[in-house]
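See structure below.
The values are calculated or read from the model by the stated rules, or taken from the named source; none is laboratory data. A quick note: this is a predicted structure, and the numbers were derived from the prediction, not measured. Glycine also receives a Cβ, built like all others from the backbone with ideal geometry; neighbour counts cover every protein chain displayed. These area figures cover heavy atoms from the full protein model, side chains too; ligands, DNA and RNA do not enter into them. Shrake-Rupley method; radii C 1.70, N 1.55, O 1.52, S 1.80 Å.
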Amino acid sequence: EAIPVAAIAIDPVNPDIMYAGTGEPTMDLIKSYGAPSFSGVGVMKSTDAGETWNLLPWPDNSSAIHNIIVNPNNTDILFAASRNNLYRSQDGGQGWSRVQSGIMTDVEFRPDNPDIVFCAIGADGGSSSNGVYRSTTGGGRFSFSKVGENWPAPDSIGRIELAVTPANPDLLLAFVMRSRSTQSGENDFLAVMKTTDNGDSWVRLHSHLPSVYTSCQGFYHLC
């Protein structure tokens, strides 16, 4: 039986340790088009550079995981951004706790300080909870960091992808898709948002990206 894998993370200290997040995170929308789509079984782990894999305990009956990240300062700490909540493990994936509710489309550490964690809620049809969240306690507690100024209305937002770089740890970018409920034709790209103060304030960039550049499929292939 084939298991779909949508996220892979490699331990930054020991690259023989790898994690695979299973399930198609766009499965609900794919199914609405009548196409086949498959859920996952949680997170799998390899300790021999991918030669063999073991299924880790997972708190839900299925999974659809957008991203997995490993804390570089303590590689027992993992985050999995799933369509059914953001989960954290503090023991290498043996146990998971929910640290943020919602359709999580991404999670990232601040490159120079993994105690600061950013995650994104991006419900496809728009939601008052859509936006970027931040924890300054290593993921123990998250708060809404999206300020109203310059951000699109949450109900108009769909999937959000985050981007960070060690070259400039102060920089965080959020690539924002239009919600399915406000989309018109192939016009589904909404905005690129930027913060340089850990999400306290944001500016909307002139990205010069056409609103049709994801061809109505930003929910599926936004990188």
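Just a few scattered comments:
- Across the stretch 188-221, the qualifying residues are those that are of a type in the set (Val, Ile, Thr) and part of a loop (DSSP other than H, G, I, E, B), and the one among them that is farthest from residue 115 (Cα to Cα) is 212.
- Any hit, the stretch 74-89, residues being on the phi > 0 side of the Ramachandran plot and more than 17 Å from the chain's Cα centre (by Cα): no
- The set of residues from the stretch 31-56 being modelled with pLDDT of 95 or more, assigned to a loop (DSSP other than H, G, I, E, B) and of a type in the set (S, T, N, Q) comprises 47, 52.
- None of 54, 84 is free of Cβ contacts under 8 Å to residues at least 24 places away in the same chain and either touching a strand residue (DSSP E or B) at 6+ places or on another chain (Cβ under 8 Å) or open to solvent by less than 50 Å² (accessible area, probe 1.4 Å) (or both) except 54.
- Qualifying residue in the stretch 77-89 (condition: modelled with pLDDT of 95 or more, in a loop (DSSP other than H, G, I, E, B) and more than 22 Å from residue 172 (Cα to Cα)): no
- Apart from one condition, residue 160 fits all of (1) closer than 18 Å to residue 81 by Cβ; (2) assigned to a loop (DSSP other than H, G, I, E, B); (3) among the hydrophobic types (A, V, I, L, M, F, W, C); the exception is (2).
- For the residues 185, 158, the requirement of being over 20 Å from residue 112 (Cα atoms) and open to solvent by 20 Å² or more (accessible area, probe 1.4 Å) singles out 185.
- Every pair of residues 6+ apart whose Cβ atoms lie under 9 Å, when the first sits in the stretch 190-216 and is farther than 10 Å from residue 174 by Cα while the second is acidic (Asp, Glu) and crowded, with 21+ Cβ neighbours inside 10 Å: 211/188; 212/188; 214/188; 215/188; 216/188
- Any hit, the stretch 20-30, residues being in contact with a Ser or Thr (Cβ under 7 Å, 6 or more places away or on another chain), open to solvent by less than 60 Å² (accessible area, probe 1.4 Å), modelled with pLDDT under 95 and assigned to a loop (DSSP other than H, G, I, E, B): yes
- Matching residues, the stretch 165-174, being open to solvent by 50 Å² or more (accessible area, probe 1.4 Å) and either among the hydrophobic types (A, V, I, L, M, F, W, C) or in contact with a Leu (Cβ under 6 Å, 6 or more places away or on another chain) (or both): 167
- The residues in the stretch 90-104 that are over 21 Å from residue 17 (Cβ atoms) and either open to solvent by 30 Å² or more (accessible area, probe 1.4 Å) or assigned to a strand (DSSP E or B) (or both) can be counted, and the count is 6.
- Of all the criteria given as (1) touching a strand residue (DSSP E or B) at 6+ places or on another chain (Cβ under 8 Å); (2) without any contact (Cβ under 8 Å) to a residue 60 or more places away in the chain, the one not satisfied by residue 114 is (1).
- Top-ranked residue in the stretch 116-152 [being of a type in the set (Lys, Arg) and assigned to a loop (DSSP other than H, G, I, E, B); ranked as modelled with the lowest pLDDT]: 146
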